[in-house]
Structure formats: C-alpha cells, structure tokens
Amino acid sequence: MKKVLVTGGLGFIGSNLIKVLLSKNYFVINLDNLSYSANFYNSKDFYHSKKYKFIKCDLNNKSKIFTILNRFKPKTIFNLAAETHVDRSIDGPESFIKSNIFGVFNLLQSFRKYILKNKNSKLVHISTDEVYGDVLFGRSKENDAYSPSSPYAASKASSDHLVSSYVRTYNIPAIITNCSNNYGPRQHPEKLIPKLIYNILNNKSLPIYGKGLNSREWIYVDDHCEALIKVSEKGKVGNFYNIGSNLNLNNLSITKNLLKIAKSKINIGKNVKIKFVKDRPGHDLRYALNSNKIIKMLKWEPKISISTGLKKTFDWYLKNPGYYSKLKKRDITKRMGNKLK
C-alpha cells in the first residue's frame, strides 16, 4: 500500500483528493493547521478509515514536518495547504505571505533533508491559473510568463518559483501543477458557486461582481484530483503541468445555470435574485489554460461536464446542510475585498 501525505486535507480540494486516493487503496496522512477554511465535516466519510491518519500541523513548523516525514515515509507529498481566497488576500495579505511563501519554504527545507535517505519520494506542488494574470486572448501555456494581479496570486507565484528553484539548485524531485477554477462538494462558501448555492437555499440575493462578465475556466474537483494522481505517477520531475477543462463561462452564466438547476429541485424564495455589486479591486477579467501538455503526455482528460458537475455540486450541498453549520456565519456572509485600507 502506497503512503502519501496531503497538506491542507481538511480543505476543499485536499479532502476530495483524499477521498479519491483512499478509493485507490493509498494510505493517506493528512496535515492541516485547522485554519478557518478547514472543516472536519469534509473528512466525515473517511475519518475512521484504517488507511487514514490526521495530524494537526502548520507548514511553518519545520521540525514537526521533518519528524512526520521520517515517521511515515510517504512516497508522495501533495502540497495543497494554502490561503486561497482573493478577496481575503486584499483585506489581509500577511497571512498569505506566511502560509503560501514561508510555509512552502519550510516544507521544501524539510523535504530536502528527508530525500537524502528517501530518494524515491516526490513532491507535487499544487498552484493556480491566477499566477498567469489576466488572459484576454488565447490560453496560458506552461512556459508563459507569470503576471499575478492579487496578493493571493503573487504569493502562489512566489511559491511556484521557490519550488522550481529547489529542483534546479538542490535537485529535489518536485512537480508543479497549475489548475483552473475548481468547483464541487466541500468547497468553502466564500467562493462563488457554494456562496450562490448557500444563498439560494437560504432565500438570499445572489451577489455578482461588476456586470458578471468575468470569465473563468471551470473544472470539477474530481477531475482535478485524478489529474494530480496521474501527475504523481507519470509526471516528469521539474515540469509544470496545466490542468483545465478548456471550458470558460462567465459568472453570470454560472449563476443562471445554478438557478435553473435549483428551480428543478426546490421552491425558490422571493429574495433569490441576481444582484450586481461593486467589483473587487484589480479583478482579472479572464483566466484560461492550455492543457495540451498533460492531455498528450500523461493521457489525462476531464470527464465531468459542467452541467453534470453543477448538478452533483448542488445536490451535495442540498443533502449536507451540516456542512454550513460547521462554519462561522461571518465567514459565509461577510463581504471581503471591497475596501482598500
């Protein structure tokens, strides 16, 4: 049984990745520092599995990370631990620097020491398409220049550069992935789709930034997880891999699709109406990835259509009201990133 370590495994993508890994008979060690976005509800389906171990740990605790690596000796580390909300990074960028840059630095230092006696291990560092910045035309390729717009994107770009530098300078076995917008079960409602679903279920208006024309490339989280596993098994050390669906939809289209799904399943309240609100500072208009490399070289491709994925996502939140109850209400309802301090 292969042992793998997932950082940030109580978050959205991390918990879904663990679910998929366990289904493939991996033994998973989950490190999470229990920040606001962590949710034990996300692990309820596998918490008692004999193939799963949770450990509270901050990536900035370098000695603890090294101790854990030596104890469990994972073959692969999936680094998903990160602050990820753009609006939150606008209001308070410091925590993004600490988690996304210093946290990755400490992980790299521990991993660099660990591989001296565990040379067959590998680090997969998960990043975002936002590092490429606004892409008004075409699709970003792996060798395109980074041009991050927000403190969040800049902190992720910095971590990518750190990992890449450690590959070249210290010869560590690491791979970097850049993924488009994920959606699906277990996502914190500070993000667009779970926020809209929460408001639909609670008879609230649906806030859309600007005119709703900001375009994102959407990928169902399970497709992303399958890609990450494929990268860990077949990917080439030192390479970057874009992971996307090649499907762009703007925020207004996503909202209308969700409303259509909701109306087929529940009675919609009178207050559930689209409401355009002040845009966030520095809001990129469009992100789009060219994923030909992973499709051609690793034989991966997304399988879940946007219509199927949105239905599966809505159904999960409808059937799991307990998820929201585990979060602080202000983290669900408070608007962030609309004021420059």
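None of the figures in this text is laboratory data; all of them are computed from the coordinates on show. Note that the structure is predicted; figures quoted are calculated from it, not measured. Counting neighbours? That spans all protein chains shown, and the Cβs are built from the backbone with ideal geometry, glycine included.
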(request) Report the calculated FRET efficiency for Ser35 and Asn246 (r = Cβ-Cβ distance, R0 = 45 Å), to the nearest 0.05. (result) 0.90
(request) Mind putting together the pair-distance distribution for segment 250-312? All Cα pairs, 5 Å bins, whole percent per bin, short to long. (result) 3, 11, 16, 16, 16, 14, 12, 7, 3, 1, 0
(request) Determine how many Å³ per residue the convex hull of the Cα atoms of the chain encloses. (result) 125 Å³
(message) For the chain, give me the percentage of DSSP beta bridges that are antiparallel, rounded to the nearest 5 percent.
(response) 10 percent
(request) Putting +1 on Lys and Arg Cβ atoms and -1 on Asp and Glu Cβ atoms, find which of Gln109, Asn143, Val131 reaches farthest to the positive end of the dipole of segment 56-159. (result) Gln109
(request) Report the net charge of residues surrounding Pro302, where surrounding means a beta-carbon distance below 12 angstrom and charges are Lys +1, Arg +1, Asp -1, Glu -1. (result) -3
(request) Tell me the trypsin sites (Lys or Arg not before Pro) within segment 217-305 that lie in a loop according to DSSP and have at most 16 other beta-carbon atoms within 10 Å. (result) Lys236, Lys265, Lys270, Lys273, Lys278, Lys299, Lys303
(message) Can you compute the charge dipole magnitude of the chain about its Cα centre, using +1 on each Lys and Arg Cβ and -1 on each Asp and Glu Cβ, nothing else charged? Give it in debye, rounded to the nearest 20.
(response) 960 debye
(request) Any chance you could give the angle, 0 to 90 degrees and rounded to 10, that helix 62-72 forms with the longest Cα principal axis of the chain? (result) 70 degrees
(message) Starting from the 7 Å offset along Cα-to-Cβ, what nm value, one decimal, do you get for the label separation of Asp91 and Lys113?
(response) 3.7 nm
(request) May I ask for the angle, rounded to the nearest 10°, between helix 151-170 and the longest principal axis of the chain, with both axes built from Cα atoms and the value confined to 0 to 90°? (result) 20 degrees
(request) Grab the alpha carbons of segment 221-341, take their convex hull, and tell me the volume per residue in Å³. (result) 181 Å³
(request) Return one number: the angle in degrees, 0 to 90 and rounded to the nearest 10, between the long axis of the Cα atoms of helix 221-234 and the longest principal axis of the Cα atoms of the chain. (result) 20 degrees
(message) Rounded to whole Å, give me the distance from the Cα center of segment 217-295 to that of segment 1-68.
(response) 24 Å
(request) Could you tell me which trypsin sites (Lys or Arg not before Pro) in segment 179-223 are loop residues by DSSP with no more than 12 other beta carbons within 10 angstrom of their beta carbon? (result) Lys211
(message) Net charge within 14 Å of Val135 by Cβ-Cβ distance, Lys/Arg positive one each and Asp/Glu negative one each, not counting Val135 itself?
(response) -3
